[in-house]
Amino acid sequence: MKPTSTPVQGVIRLWVTAGVMMVAALAVLGQAIKLQIMETEFLQGQGEARFLRQVAIPTVRGNIVDRNGEPLAVSTPVDSVWAHPGELLQAADRIPMLAAALETSAEEMERRLTQRSGREFVWLQRRIHPETADRIRAMEIPGVFMRREYRRFYPTGEVSAQVLGFTNIDDIGQEGLELAYNSWLQGDPGAKRVIKDRLGRTVQNVELIREARPGRDLVLTIDRRLQYLAFRELKAGVLEFEARSGSVVIMDIPTGEVLAMVNFPSYNPNSPSRIAAEGLRNRALTDVIEPGSVIKPFALAAAMESGQVYTDMMIDTSPGHRVVAGHTIRDIRNFGEMGITEMLARSSNVGMVDLVLNMDARHLWGVYSRFGFGSVSGSGFPGESAGVLRDYERWRRLEQATLAYGYGLSVTPVQLVRAMAAIADEGRLRQPVFVKGADNPPQSVLDPAVARELATMLEAATVGVGTGTRAQVAGYRVAGKTGTTRKVGAGGYSERYVASFAGFAPASRPRLAAVVVINDPTGEAYYGGQVAAPVFGRVMDAALRLLAVPPDQFDTLMTRTEVRP
């Protein structure tokens, strides 16, 4: 028989039990004090690291509008779809339905999700169509969510593509003015702190860290109406003569503002995945050509400035060719003796060579340089070419001769229109500008009297025996110069051509200057007067009337032809 415990032993067990409980309580209290007071910041940080997130607040990119406020590039709110891989994979039977809505492969989607199953966020598709977003929302698929973003839209499509450029999937400018003015247009995204659950869903907004600052709008000098009509006529000209490409630039003479700049072929910036390299670059600023006879007014300006040419001077171009350093330079026929104005109107190579070879090489180089050849125009456009004008100390006699009729140097269409506008504006050269309201002071590059006399000669080149008669505009006096050059191939100059025309109107009160370049026309017609001049005439006709520029040749008003629809 076991002995029963005494009262004293019971008391001892009671106190031991109470002591153990007291120690345990003190341990718990100590741990609580440690967690709640001593390690509060650490624990809060750990909790916030798991549930508190800083997220970006998207901001809208600034609009690009034309000089009249018409939209050229706008950003519209759209949804992008993302997923929590772990949660969506638990509903794998819904993936084929989701993939079909996004027009993608269900197998590829499931593979991507499986590879990223340890993540909380995976993009499924960015900037989807609103109807697609509504359809996906209606499916209520676990682990699939929407995020608001902005998509860039270009209302003029291919008409202004190379000027505007485009943005990438993150709305950052990649080409054209979108790239050049990206910091102006982009704005600054905001930031906020939010609490997210274990599935990455926002359950509470905690605080605003930084407000989003939207991008600023950009107002261009481009006139959307002129852009459309110039593109229409250029495209028609390129297709008519089965040419490889072409460019047209229209400039406002008193300000240097670029009113239109078009290239063909082009591309649709609303579908960047389908952009072909052939249509991507802005040929008017990046592609260079040997200008051919379009350069002759500037060579003649150098001769007039040097004092070796006077108004009623006669030039004998017989027998229609010259031999320089063993190379024969020819006219299309023997023009014989003629005046300076007729020499320019008939585009005599021989006459210009005679003048240039009697000139100091440094002087000719200086005049060409003053008009902007061999240097960038200052437009600020990404990728603009400076062209090529070799230093006069490296010229040989033959090179100096060919420079008289546009070989041995290379220029861009923008350089040509800028230089022609300077002649029209009494020798004042301005930078081509794309942003409306930009300060653009002129630089004097030619004596006003010489410029006025030269402008009169250029007007004669579009009438009578001139090579540019097809550039005429009913009701307006037009001045300008044609150009035709052979293209360089693997074995030297080939039977492929570049046709061009540069001019301005109205000749009595110059307002608009324009240049047309048609690259590689095929068939029997390839001269500048046959191919480029008619495009210039149609573009200038529509532009002058659209801008309500008063006519200055009233005797032709009754014979004008309407602009093609």
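Nothing in this text is a laboratory measurement; each read-out follows from the coordinates by a stated rule. None of the values given here were measured: they were computed from a predicted structure. Methodologically, a virtual Cβ is constructed for each residue, glycine included, from the backbone with ideal geometry; neighbour enumeration extends over all protein chains shown.
By average Cβ neighbour count within 10 Å, what is the ranking of 412-420, 373-381 from highest down?
412-420, 373-381
Got the relative contact order for the chain handy, in percent, Cα pairs under 8 Å and 6 or more residues apart?
Normalised by residue count, the contact order of the chain is 13 percent.
Net charge within 9 Å of residue 224 by Cβ-Cβ distance, Lys/Arg positive one each and Asp/Glu negative one each, not counting residue 224 itself?
Charge balance in the 9 Å sphere: -1.
Treat the count of other C-beta atoms within 10 Å as a stand-in for reagent exposure and order 229, 29 from fewest to most. Working shown, then result.
On the way: 229 23, 29 10.
With the fewest neighbours first, 229, 29 line up as 29, 229.
Per DSSP helix of 4 or more residues, -39500 (n - 2.57); summed, then divided by the residues of the chain. What does that give at 222 nm, rounded to the nearest 500?
After summing the helix terms and dividing by the residues of the chain, the value is -10000 deg cm²/dmol.
What is the set of long-range amide H partners of residue 473 at a cut-off below 5 Å, with H atoms built 1.01 Å from backbone N?
For residue 473, whose amide H was placed from the backbone, the distant partners under 5 Å are 478.
How many nm is it between the label spots at residue 522 and residue 174, if each spot is 7 Å from the Cα in line with the beta carbon?
Inter-label distance under the simple model: 3.1 nm.
With each label point set 7 Å from Cα along the Cα-Cβ vector, what nm distance links residue 16 and residue 100?
With each label point 7 Å from Cα toward Cβ, the separation is 7.4 nm.
Using 0.36 nm per residue of separation minus the Cα-Cα distance, give me the extension gain between residue 28 and residue 330 in nm, one decimal.
Numbers: separation 302, 0.36 × 302 = 108.72 nm, distance 10.77 nm.
Stretched fully, the residue 28-residue 330 segment lengthens by 98.0 nm.
What's the angle, to the nearest 10 degrees (0 to 90), between helix 130-139's Cα axis and the longest principal axis of the chain?
20 degrees
What FRET efficiency comes out for the pair residue 487/residue 385, r = Cβ-Cβ distance, R0 = 22 Å, nearest 0.05? List each step's numbers first, then the result.
Values: r = 17 Å, r/R0 = 0.76.
Rounded to the nearest 0.05, the efficiency is 0.85.
What are the aspartates and glutamates whose alpha-carbon lies under 12 Å from the alpha-carbon of residue 235, with same-chain residues fewer than 8 places away excluded?
158
For a footprinting-style exposure proxy, rank 255, 114, 104 by other Cβ within 10 Å, fewest first.
Ascending Cβ contact count within 10 Å gives the list 114, 104, 255.
Report, to the nearest 10°, how far helix 296-306 tilts away from the longest principal axis of the Cα atoms in the chain, using its own Cα long axis and a range of 0 to 90°.
Rounded to the nearest ten degrees, it is 70.
Can you give the net charge of the other residues whose Cβ lies under 13 Å from the Cβ of residue 359, counting K and R as +1 and D and E as -1? Can you show the working numbers first?
Working: positive: 362, 397; negative: 305, 354, 360.
Cβ neighbours under 13 Å give a net charge of -1.
Scaled to the compact-protein estimate 2.2 N^0.38 Å, what is the alpha-carbon radius of gyration of the range 398-497, rounded to two decimal places?
After normalising by residue count via 2.2 N^0.38 Å, the value is 1.29.
How charged is the neighbourhood of residue 343? Take every other residue with its Cβ under 13 Å from the Cβ of residue 343, and add Lys/Arg as +1 and Asp/Glu as -1. All intermediate terms of the calculation are to be shown ahead of the outcome.
Details: positive: 296, 346, 481; negative: 312, 316, 331, 337, 342, 354.
Counting the neighbours of residue 343, the net charge comes to -3.
Treating only the Cβ atoms of Lys and Arg (+1) and Asp and Glu (-1) as charged, compute the dipole magnitude of the range 446-506 about its Cα centre; round to the nearest 20 debye. Spell out each step's value before the answer.
Details: 7 positive and 4 negative charges, 51 e Å.
Around 240 debye, computed over the range 446-506.
Starting from the amide H of residue 60, placed 1.01 Å from N in the peptide plane, find each other amide H under 5 Å away whose residue is 5 or more places distant or on another chain.
Amide H neighbours of residue 60: 215.
Specify which residue in the list 130, 95, 62 is farthest towards the positive end of the charge dipole of the range 59-144, using unit charges on the beta carbon of Lys, Arg (+1) and Asp, Glu (-1), about the Cα centre.
The one lying farthest along the dipole's positive direction is 62.
Determine the gain in length on full extension of the stretch residue 68-residue 119; use 0.36 nm per residue of separation and subtract their C-alpha separation, reporting nm with one decimal.
Fully extending the segment from residue 68 to residue 119 adds 13.5 nm.
Amide H of residue 218 versus every other amide H placed in the peptide plane: which residues, excluding those fewer than 5 positions away on the same chain, fall under 5 Å?
63, 64, 65
What is the helix-to-structure angle for 7-33, meaning the angle in degrees between its Cα long axis and the longest Cα principal axis of the chain, kept from 0 to 90 and rounded to the nearest 10?
Helix 7-33 sits at roughly 10 degrees to that axis.
Taking other Cβ within 10 Å of each residue's Cβ, how do 429, 220 sort, fewest first? Don't skip to the answer; put the middle values down first.
Working: 429 20, 220 26.
With the fewest neighbours first, 429, 220 line up as 429, 220.
Rank by packing, highest mean first: peptides 154-165, 341-352, with packing defined as the count of other Cβ atoms within 10 Å averaged across residues.
341-352, 154-165
May I ask what percent, to the nearest 5, of DSSP beta bridges between residues of the chain are antiparallel?
Percent antiparallel among DSSP bridges in the chain is about 95.
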